[in-house]
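Presented below is the structure to which this report refers.
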Amino acid sequence: MYIVSACLAGINCRYDAKNSENQFIVDLIKQGKAIPVCPEQLGGLDTPRISCEIVTDEKGNKKVISKQGKDCTKEFTEGAEKTLQIAKIVGAKKAILKAKSPSCGCDLIYDGTFSGKLIEGNGLTAQLLLDNGIEVITEKDIHK
């Protein structure tokens, strides 16, 4: 069983109220092999919402900050924890998540300056899943 980002399933849950539909993901769900989740909605954030990025301070502490400067770390953390609970309930061993997202990004995320620059790192949900033994890839890695 897979956990997949709901936006990849065609659900309009991205920050901009759009989706990033991926036919491979849609097919997995139709086959009963995947469960769609949106960690940001699970954490209580509205759709649409102001875009957010992860900011790391000089001590290495990570916060999720909106483009308007609001600290959304609590909601992103809660969404990550709820996603992990769902993954455990369904016995998911693998997740396919939205690339570059502050929740779901894996290997590369935006740098926190809202300039479009990417840095190495993982979103909060991706990291929590990895820390709990669930393999995480993005839609960019599906056919590798």
Review point. Looking only at region 27-50, which residues are touching a helix residue (DSSP H, G or I) at 6+ places or on another chain (Cβ under 6 Å) and more than 30 Å from GLN68 (Cβ to Cβ)?
Key: ILE29, ALA34, ILE35
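Just for region 66-106: of the residues that are of a type in the set (A, V, I, L, M, F, W, C), crowded, with 19+ Cβ neighbours inside 10 Å and without any contact (Cβ under 8 Å) to a residue 60 or more places away in the chain, which one is farthest from PHE24 (Cα to Cα)?
Within region 66-106, the subset of a type in the set (A, V, I, L, M, F, W, C) is 72, 76, 80, 84, 86-87, 89-90, 92, 95-97, 99, 104, 106.
Now drop any that are not crowded, with 19+ Cβ neighbours inside 10 Å, which leaves 72, 76, 80, 84, 87, 92, 95-97, 99, 104, 106.
Filter once more, keeping what is without any contact (Cβ under 8 Å) to a residue 60 or more places away in the chain: 72, 76, 80, 84, 99, 106.
On the way: CYS72: 31, PHE76: 26, ALA80: 23, LEU84: 22, ALA99: 15, CYS106: 18 Å.
Residue satisfying both the conditions and the ranking: CYS72.
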Practice item. Would you check which residues across region 25-54 are assigned to a helix (DSSP H, G or I) and either within 12 Å of VAL4 (Cα to Cα) or touching a residue at least 60 places away in the same chain (Cβ under 8 Å) (or both) and list them? Key: ILE25, VAL26, ASP27, LEU28, ILE29, PRO39, GLU40
Study note, to complete from the structure: All-but-one check, ASP57 against (1) free of Cβ contacts under 8 Å to residues at least 60 places away in the same chain; (2) surrounded by fewer than 17 Cβ atoms within 10 Å (Cβ to Cβ); (3) under 25 Å from PRO36 (Cα atoms), failing number (3)
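Values in this text are rule-based calculations from the coordinates and carry no lab data. These figures come from a predicted structure and were not determined experimentally. So basically every Cβ, Gly included, is an ideal-geometry build from the backbone, and we count neighbours across all protein chains shown.
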